[in-house]
Amino acid sequence: MAVFLKLLGYLRPYSLLFAFCLGLVGVQSALELLKPWPLKLCVDQIIARQPLEFWGWTVPADVLSTGTELAVVAIALVAVHFLSGFVQLANNYLTIRMGQDMVQDFRCELFDHLQRQSLLFHQTRPTGDLLYRLMGDTYSVQTLLMNGVFTTLTSIVLLMGMFFVLLGIDWELTLYAMAVVPLLILAIASVTKKIGNLTYETHMKESKVYSTVENIFNSISLVQAFAREDEERRRFVAESQHSFDRKLTLYSLQTAYGWLVGAITAAGTAYVLYVGARHVLEGDLSTGDLLIFLGYLASLYTPLNNIANTMGAIRGSLAQARRVLDVLAEDKAVPEAPDAKPLEITKGAVEFSGVTFGYDPERPVLSGVSFKARGGATVAVVGQTGAGKTSLISLLLRFYDPQKGAITIDGQDLRNVTLKSVRQQVAIVLQDTHLFPMSVHDNIAYGKRTATREEVVAAATLANAHEFIEAMPQGYDSLLDERGSNLSGGQRQRLSIARALLKDAPLLILDEPTSALDAGTEAQIMEGLDRLMENRTTFVIAHRMSMMRRADLILVIKDKTVSEMGTFQELLDKGGEFARLHALQFAPLKERRPRDAQGQEIVAEAP
Ligand SMILES: Nc1ncnc2c1ncn2[C@@H]1O[C@H](COP(=O)(O)OP(=O)(O)OP(=O)(O)O)[C@@H](O)[C@H]1O
């Protein structure tokens, strides 16, 4: 019920249009009522030559010639069907449009929610599953409100209208016709809950398939390199088959349910036909009235059928909607203080005071980290793999908030400023460059959408990227492939440097992007980086000594904290962890070979 009420809220902006569409259904129902009348007039007045009784008026049988009467009846038949079809067309258009708009609202809410969530949320949720919820499950709002609520409401109105009309023709037959209602309620109660549960399971299985496919194709180079195609195919087929099995059970149940509802209403029709024919034989009812009654009976059972069927659809869509609402209820966004102000960077001084952070608060990866970096300084973060370098940098971007301590930029605690203002003032260049499948120009201008071509070219030139861009078939308008895979690693990095240069943010974060490149490419990229780092506070996860030498401050992360800090020379003189790392990097290869307990080099023996 709570899910239903929540979804009902999405109808509020469209309540006027919804009411108008209900009105249209009223008009359409009135036209439906007129549909069997030409047939009755033909049988009773034209063929049997009886006078027409109409609201207390009696029209004698011979007012018009038979030919004229037949023509009027034929034209009336076409006109009623034409008008009814037109109203239905208008109604369908409006209700579908309204349903789509509601799906769009629901989708946008989920999309915004997902974009707000912290990296931790996205790292733990399979993207394929989220995609399915966003693109598939959000349709539930349309199914529920338009196919469910709207159809039920119009069916109830239609049912009541028909009930009174039929009462007027033959009250006894009407009561017999309504005898099927308790049976229908029984059918609805016994099957629809099961349909709802099965729908939920089916969608869970289906989104599992999406996640698997997304996983496989995201790592397609690995799959191919390890020749795992057959295993991955088996995994895909097995999961897809699970989903089909569930779907087949669901379809079978839905069909059996439809068949049960159809059988109940057919029994009702048969009974009415049986009793009605006796009424005609006994002279209590004219043949035309029986035809009208049977015609209306279909119109009485159609809404009953619709109500029964939509109960199944409602259950199913409630189950789907629950999958969207579950995600909406899970809020792992980095919280924004209610009185948060935009971050104002003047110098760019950064301070960490007693910062403790863990992805799981019980297991910190950084503990009691404190340091100060003056504005404009280059800070190198150094440490062994898994030491916590990326985690420290992520805190600066406020991808996460620390559990203890505070991070300030120019004296402003990051928790008290708006998230957007922090990220707008930080440019970032990562080792693993992210590029979008759009033009080179748009990729460079990603952080500044208003950038002119001149500005983009200037940034690309500073990043040493202009030459290779110009050599591309359409220059700056060349489209990049998915993740920029039609470029080399060095070219991708030069583009990301150009992107950061164009953003011109006072704070810069680098995950030393040259560490995996050859010396020639590194030199080209270093030139671009040096220009980028000028006059900005820069945090760089440094892997190469050349980068560490450039730094004004080196932070050595060990045992979850900053174990040493200082300039390159200070740390070397100190002879601690940094000196050890330095010695390891510059030691001749021979010294780095593994040794046994006695210090003897371990050499693999030839077979
Ligand atoms: N999203 C995450 N969820 C849980 N634990 C994480 C997550 N990301 C990193 N960790 C853990 O936090 C610790 C620090 O990781 P981090 O990535 O900050 O190290 P790093 O120094 O940048 O390593 P590398 O040089 O290998 O990139 C590691 O033990 C890692 O397993």
Using amide H atoms built 1.01 Å from N in the peptide plane, name the residues 5+ places from Thr378, or on other chains, whose amide H lies under 5 Å from its own. Thr538, Asp552, Leu553
What is the Cα centroid distance between the range 384-409 and the range 49-98, reported in whole angstrom? 76
At the level of C-alpha centres, the distance separating the range 334-382 and the range 201-279, in angstrom, is 50
Three-way shape call for the range 26-103 based on the alpha-carbon gyration tensor, with the a/c threshold at 1.5: prolate
Dipole check, the chain, charges on Cβ (K,R +1; D,E -1), about Cα centroid: among Val261, His81, Ser243 the Cα furthest to the positive pole belongs to Ser243
As I understand it, the value is the acute angle between the Cα axis of helix 229-281 and the longest principal axis of the Cα atoms of the chain; what does it come to in degrees, rounded to 10? 20
Taking only C-alpha pairs under 8 Å that are 6+ residues apart, what is the relative contact order of the chain in percent? 13
Taking 0.36 nm per residue of separation and subtracting the Cα-Cα distance, what length does fully extending His122 through Ala189 add? 20.2 nm
What list of ³J(HN,Hα) values in whole Hz, one per residue of the range 20-30 in order, does the Karplus curve 6.51 cos²θ - 1.76 cosθ + 1.60 (θ = phi - 60°) give from phi, with Gly and Pro shown as x? 4, 5, 4, x, 4, 5, x, 4, 5, 5, 4
Taking the DSSP beta bridges in the chain as the whole, what percent of them are antiparallel, to the nearest 5? 55
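Tell me, what does the Kirkwood hydrodynamic radius of the chain come to in angstroms if you use every pair of distinct C-alpha atoms?
Values: mean 1/r = 0.0321 Å⁻¹.
By the Kirkwood definition, the hydrodynamic radius is 31.1 Å.
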For the Cα atoms of the chain, what angle does the longest principal axis make with the long axis of helix 489-503, in degrees from 0 to 90, nearest 10? 80
Cα convex hull volume per residue for the range 2-329 (Å³): 169
Give me the angle, in degrees from 0 to 90, between the Cα long axis of helix 287-329 and the longest principal axis of the Cα atoms of the chain, rounded to the nearest 10. 10
Burial-style ranking of 215-228, 192-205, average other-beta-carbon count within 10 Å with highest first, yields 192-205, 215-228
Using only the Cα atoms of the range 36-162, build the gyration tensor, take square roots of its eigenvalues as a ≥ b ≥ c, and label the shape rounded, prolate or oblate: rounded if a/c is under 1.5, else prolate if a/b is larger than b/c, else oblate. prolate
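Values quoted throughout were computed directly from the atomic coordinates according to the rules given, and no laboratory measurement underlies them. Computed from a predicted model, the values in this text were never measured in an experiment. As a convention, Cβ positions derive from the backbone with ideal geometry for all residues, glycine included, and neighbour counts pool all protein chains shown.
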